[in-house]
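Bear in mind that the values in this text are calculations on the coordinates, not laboratory data. Keep in mind it's a predicted model, so treat the numbers as computed, not measured.
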Amino acid sequence: MQHLLDIENLSLSLDKKRILSGISLSITSGSFTCITGPNGSGKTTLMKGIAGLLTPEGGRILLEGNDTRSLGAKKIARRVAYVPQDTVIDFEFRAIDIVMMGRSPHIGRFSTESRRDCEIAREAMELTGTWELRDKSIKGMSGGERQRVMIARALAQEPKLLLLDEPTSSLDIHHQIELLDVLKELSKSRGMAIAAAIHDLNLAMQYGDKALLLDKGSMYAWGEPESVLSRENVSKVYGVDIYIIENPLTGKPHIIPFKKRAANSL
């Protein structure tokens, strides 16, 4: 079966500084991949590279077998939607206007939104709990509201691959779980692949089908979350001692950090 995304020995740089190197992995349709690692390990840079916002310095990114360097921005946008962690919008757009922007890759240059486009936008807002915000200015929203609207815009693109950079960072516990439950269900019911950069390792353990652990711009581990986010790996990469217990509700491993790791200890 052809992978939706193949990354082969990828290297990425910013301002002539190498950020990532030697990244190789594959993502299949309908999967939920969690990208983890300490601050500065390269999570955001990787997502920008996959989204076509950065050109590989080495290696390549294949989207449905096609090198992204040979695809135009619009072709990539029809397949990949990217939601950055911080979004600044300087205009008084209503939430519904923001979400309708997600339909742009599917609308011809001289065409206007169809009824179907409007239906897709409304469905995306209902899924993210933002329909009641449709007439509210994006500038008047809380960080959590704005984040959910931006995710609704990404869903309105009807992407095959949804990239999310810290999607839960501005959300309270209720909206974190609600959003991740919706995304997990969409990945299964629609065959949409999701790759999310997540700091909360327990959320990564709970929702991820696969996990990538980055450290200092390189792959430290890739595979099943239970093996990637092991006590040894997390302790070495994050520099903390941890306990791992079984979550009594989900049966998944649950990570409990308890102190900074002493030098030369596990």
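The table below lists the values:
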item: 18 Å Cα-Cα threshold exceeded, pairs from 236/259; 74/136; 48/74; 17/75; 16/48; 43/210; result: 74/136; 17/75
item: Share, in percent, of DSSP beta bridges within the chain that are antiparallel, nearest 5; result: 60
item: Rg in Å to one decimal, and Dmax rounded to a whole Å, for region 82-220 via C-alpha atoms; result: 15.4, 48
item: Distance cut-off 19 Å, percentage of C-alpha pairs in region 189-254 lying past it; result: 32
item: Tail beyond 18 Å, pair distance distribution of region 1-63 (Cα, percent); result: 32
item: 10 Å-binned pair-distance histogram of the chain (Cα, whole percent); result: 7, 29, 34, 22, 7, 1, 0
item: Region 109-183 - convex hull of the alpha-carbon atoms, volume per residue in Å³; result: 116
item: Tail fraction, Cα-Cα pairs, region 38-162, threshold 16 Å, whole percent; result: 64
item: Separation of alpha-carbon centers, region 215-258 and region 25-95, rounded to whole Å; result: 25
item: Compactness of region 11-102 - radius of gyration and Dmax, Cα, Å; result: 14.9, 42
item: Among 59, 72, 129, residue whose mean-square fluctuation peaks in a GNM of the chain (springs only between Cα atoms under 10 Å); result: 72
item: For region 157-218: Kirkwood Rh in Å [reciprocal of mean 1/r, alpha carbons]; result: 12.5
item: Whole-number percent relative contact order across region 173-264, with pairs defined as alpha carbons under 8 Å at least 6 apart; result: 18
item: Amide H partners (placed H, <5 Å) of residue 220, local residues excluded; result: 213, 214, 215
item: Region 128-205: relative contact order in percent, alpha carbon pairs under 8 Å with at least 6 residues between; result: 33
item: Helical contribution to [θ] at 222 nm, DSSP H n ≥ 4, -39,500 (n - 2.57), averaged over the chain, rounded to 500; result: -8500 deg cm²/dmol
item: Radius of gyration and maximum dimension Dmax of region 83-151, Cα, Å; result: 11.9, 34
item: Amide H contacts under 5 Å for residue 240, placed H, 5+ residues apart; result: 261
